[in-house]
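Worksheet: the structure to be examined is printed underneath.
The values are calculated or read from the model by the stated rules, or taken from the named source; none is laboratory data. Quick caveat, the model's predicted, so the values are computed rather than measured. Here Cβ is always computed from backbone atoms with ideal geometry, including for glycine, and neighbour counts include all displayed protein chains.
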Amino acid sequence: MTGPTAGSGSASTPIGDYGLLSDRHSAALVSRTGAVDWLCFPRFDSPAVFAALLDERAGSWTIRPTGEAEVSRGYLDDSMVLRTTFTTPTGSLTLTDALATGSDPDPHRLGAQAPHLLIRSVTCTQGSVEITLDFRPRPEYGLVVPLLSACEGGIQARGGPAVLTLSSPLPLDVDTEAATATATLKAGQTLNFALHWAPLGGPAPRVWRQDELAEGLEQTVTAWQAWSRMHQTYAGPWREQVHQSGRFLQALSYQPTGAIVAAATTSLPEEPGGVRNWDYRYSWVRDAAFTMDALWVAACPDEADEFFTFMAAAAATGWTGSHLQIMYGIGGEHDLTERELPHLAGWCGSRPVRVGNGAWSQPQLDVYGELLNTAARFEDQLTSGPALCVFLKGLADTASEVWRRPDHGIWEIRGEPQHFLYSKLMCWVALDRAVRLAGRLQATERVPVWCAIRDEIREAILEHGWSPEAGAYTQSFGSDALDASALMLPLTGFLPADDSRILATIDAITERLTDRNGLVRRYHTATGVDGLSGQEGSFLLCTFWLAHAQALAGRIAQARATFEQAAAHANDLGLLAEQADPRTGALLGNFPQAFSHIGLVNAAWAIAQAEEQANERQKEN
């Protein structure tokens with residue numbers, strides 16, 4: 001059977017109402033009302049089994065009290081297991097949700113044995129509560145209405161390229177649309193449910209016993225807590241938020257390859273009802289490198305070798321040498337051709353809904369600097385084998401060759417290529433870090449050439465990146481338009497943060513690129529530089545960049561205030577989307593967004609370092 005057609009009702013649950021589940025293979029989003037409105041099995045970028053996030057008819061699985069209830073929720077300590085508490089007039093109920101990580105006791109292998117199993121456990125903790133279960137799988141982004149058939153201990157759903165088994169201790173009413181049930185739980189009673197995925201033609205997914213599901217839930221809590229205890233040592237300001245962000249970033253990493261997705265979703269818009277809707281379930285070189293840098297602060301990762309092995313393997317091709325794509329599939333795929341799903345109405349009517357991402361074929365010069373900067377950060381952890389040395393040297397050589405070319409820039413504009421300042425800056429970073437790594441890369445003979453080109457790029461930025469009219473470093477050479485990415489000049493060490501030109505740039509961005517809520521825009525879309533219609537929200541990463549730059553400049557009080565303004569947009573679980581609505585402050589864009597959590601971690605670290613240095617100076621005086 002086919003699913004929703006064009007014109008179906010659009011989804012409208014606020015983005016901030018969702019919580020994230022992850023087994024480091026897949027992701028699910030669970031609303032405050034107990035609805036799983038997004039689930040992709042067996043990978044982050046697989047076609048969704050539930051996609052009510054993007055169209056109310058595209059599938060969901062709800063477990064909740066039958067009537068009205070007050071809701072509170074949180075992750076179980078140091079884990080990605082979500083507990084929602086419903087308080088009703090007759091009693092209280094907890095719903096515990098997890099994507100099972102498997103039983104591997106080694107925290108380094110978190111998720112290695114993930115069985116593609118969503119566990120949902122309900123417990124009545126006080127009085128009695130009637131619950132309602134509504135199960136409506138719609139594989140392939142809602143295109144398929146599977147055939148539901150009863151089996152001992154649950155039901156099976158067949159349709160499309162996979163088979164799903166729902167384990168249920170309750171008898172289910174099954175029709176052509178859904179499986180449903182109601183039951184009344186009394187204090188102390190627990191019911192465990194699960195959804196198991198398997199590919200068509202393979203071993204069938206099975207029904208799980210109640211004790212197996214209880215054990216699987218406990219193993220998942222234990223696995224996340226063991227990882228957190230081993231890796232999370234940050235003790236500075238906003239400690240809990242930094243640790244949460246570290247777990248979220250780990251949750252967005254694909255365990256089999258070490259790839260890191262930019263976000264768990266596709267097509268959550270930058271403007272309600274707008275067309276700026278993109279698929280972020282892939283591994284951007286930029287985002288992944290920044291994620292590794294943030295994990296260095298938030299989670300002391302030991303996956304640096306794994307990450308660079310993935311990047312080197314994904315980029316390997318005899319046709320392009322070390323010319324990197326800006327992004328790859330999480331399994332190393334190169335072709336991420338973009339297409340539209342016209343049968344989906346989109347979140348709040350935001351169409352088109354897209355899968356794939358056309359930016360994969362864009363030239364973007366910043367990727368070389370981001371990877372080499374991360375390599376320098378993790379220098380002591382890298383096993384500098386011949387293949388990695390060749391890969392990293394090739395990145396530096398390529399940056400030295402291409403830096404004069406225009407490109408589409410960090411924001412992946414769909415307009416004409418420009419000579420973006422940020423792209424030139426990151427080519428400078430590539431060569432600067434390559435010089436630092438030259439001995440380890442067995443490339444000392446390249447140092448004179450790399451130094452000469454690095455200095456040439458520096459002079460070009462100083463001469464052409466500054467606009468006297470704007471009184472700031474700007475978006476591109478010869479432009480007067482402001483761009484928040486200019487804040488990376490001090491963050492990369494290109495210029496000190498107390499340089500008069502950097503201070504002027506910080507002031508210009510604060511005064512002319514900030515919304516009424518104190519959040520920073522990437523740039524003004526009215527210039528038409530990005531080739532797209534409509535507007536976008538304010539960018540949370542850019543706001544954290546501003547806090548970071550202010551801290552480096554010694555403006556610690558301002559940095560703290562800017563940080564708090566951005567961090568306050570996290571939902572009740574600490575999750576951040578890409579952007580926030582300048583009018584309402586509501587979260588916009590794909591969710592949760594790695595970029596935003598990266599910015600939070602790095603800004604917190606910078607403020608902590610600035611405060612420590614200020615205290616040391618005060619002691620000396």
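A few comments on the model shown:
- Some residue of region 284-302 being outside any loop (DSSP other than H, G, I, E, B) and farther than 26 Å from Leu371 by Cβ: no
- Test for Ala223: is it out of contact with any strand residue (DSSP E or B) (no Cβ under 8 Å at 6 or more places or on another chain), touching a residue at least 40 places away in the same chain (Cβ under 8 Å) and farther than 29 Å from Thr88 by Cβ: yes
- The listed residue being in contact with a strand residue (DSSP E or B) (Cβ under 7 Å, 6 or more places away or on another chain), surrounded by fewer than 18 Cβ atoms within 10 Å (Cβ to Cβ), free of Cβ contacts under 8 Å to residues at least 40 places away in the same chain and more than 26 Å from Met327 (Cα to Cα), out of Asp499, Asp480, Asp455: Asp480
- Meets criteria (under 23 Å from the mean Cα position of the chain (by Cα) and either of a type in the set (Ser, Thr, Tyr) or buried (at least 18 other Cβ atoms within 10 Å of the Cβ) (or both)) for Leu76: no
- Residue ranges of strands (runs of 3 or more DSSP E) in region 122-191 with at least 2 members in contact (Cβ under 8 Å) with a residue 24 or more places away in the chain, among the small types (Gly, Ala, Ser) and buried (at least 16 other Cβ atoms within 10 Å of the Cβ): 162-167, 179-186
Okay, residues lined up against (1) out of contact with any Pro (no Cβ under 7 Å at 6 or more places or on another chain); (2) surrounded by fewer than 24 Cβ atoms within 10 Å (Cβ to Cβ); (3) in contact (Cβ under 8 Å) with a residue 12 or more places away in the chain; (4) not aromatic (Phe, Trp, Tyr):
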| position | (1), (2), (3), (4) |
| --- | --- |
| Met230 | no, yes, yes, yes |
| Tyr234 | yes, yes, yes, no |
| Trp238 | yes, yes, yes, no |
| Gly258 | yes, yes, yes, yes |
| Tyr282 | yes, no, yes, no |
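- Condition met for Glu416 (surrounded by fewer than 16 Cβ atoms within 10 Å (Cβ to Cβ), among the acidic types (Asp, Glu), at pLDDT below 95 and assigned to a loop (DSSP other than H, G, I, E, B)): yes
- Qualifying residue in region 365-387 (condition: polar (S, T, N, Q) and touching a Gly at 6+ places or on another chain (Cβ under 9 Å)): no
- Some residue of region 155-166 being more than 18 Å from Phe50 (Cα to Cα) and either of a type outside the set (A, V, I, L, M, F, W, C) or out of contact with any Leu (no Cβ under 9 Å at 6 or more places or on another chain) (or both): no
- Residue that is nearest to Asn571 (Cα to Cα), among those in region 194-208 that are in contact with a strand residue (DSSP E or B) (Cβ under 8 Å, 6 or more places away or on another chain) and surrounded by fewer than 20 Cβ atoms within 10 Å (Cβ to Cβ): Ala198
- Spans of helices (runs of 4 or more DSSP H) in region 444-526 with at least 2 residues within 27 Å of the chain's Cα centre (by Cα) and under 26 Å from Thr562 (Cβ atoms): 488-491, 500-512
- Some residue of region 182-194 being more than 27 Å from the chain's Cα centre (by Cα) and under 30 Å from Val242 (Cα atoms): no
- Lone unmet requirement of (1) within 29 Å of Pro14 (Cα to Cα); (2) surrounded by fewer than 24 Cβ atoms within 10 Å (Cβ to Cβ); (3) without any contact (Cβ under 8 Å) to a residue 60 or more places away in the chain for Gln558: (1)
- Residue within region 376-384 that is at pLDDT 90 or above and crowded, with 22+ Cβ neighbours inside 10 Å present: no
- Where Ala262 falls short, out of the listed (1) farther than 24 Å from Glu564 by Cβ; (2) surrounded by fewer than 22 Cβ atoms within 10 Å (Cβ to Cβ): (2)
- Among the residues of region 524-545, those identified as under 24 Å from His569 (Cβ atoms) and surrounded by fewer than 23 Cβ atoms within 10 Å (Cβ to Cβ) are His524, Thr525, Ala526, Asp530, Leu532, Gly534, Gln535.
- Condition check for Gln550 on (1) in contact with a Gly (Cβ under 7 Å, 6 or more places away or on another chain); (2) crowded, with 24+ Cβ neighbours inside 10 Å: one failure, at (1).
- Qualifying residue in region 515-524 (condition: in contact with a His (Cβ under 9 Å, 6 or more places away or on another chain), of a type outside the set (Lys, Arg) and touching a residue at least 40 places away in the same chain (Cβ under 8 Å)): yes
- So Val242, is it over 23 Å from Ala376 (Cα atoms) and hydrophobic (A, V, I, L, M, F, W, C): no
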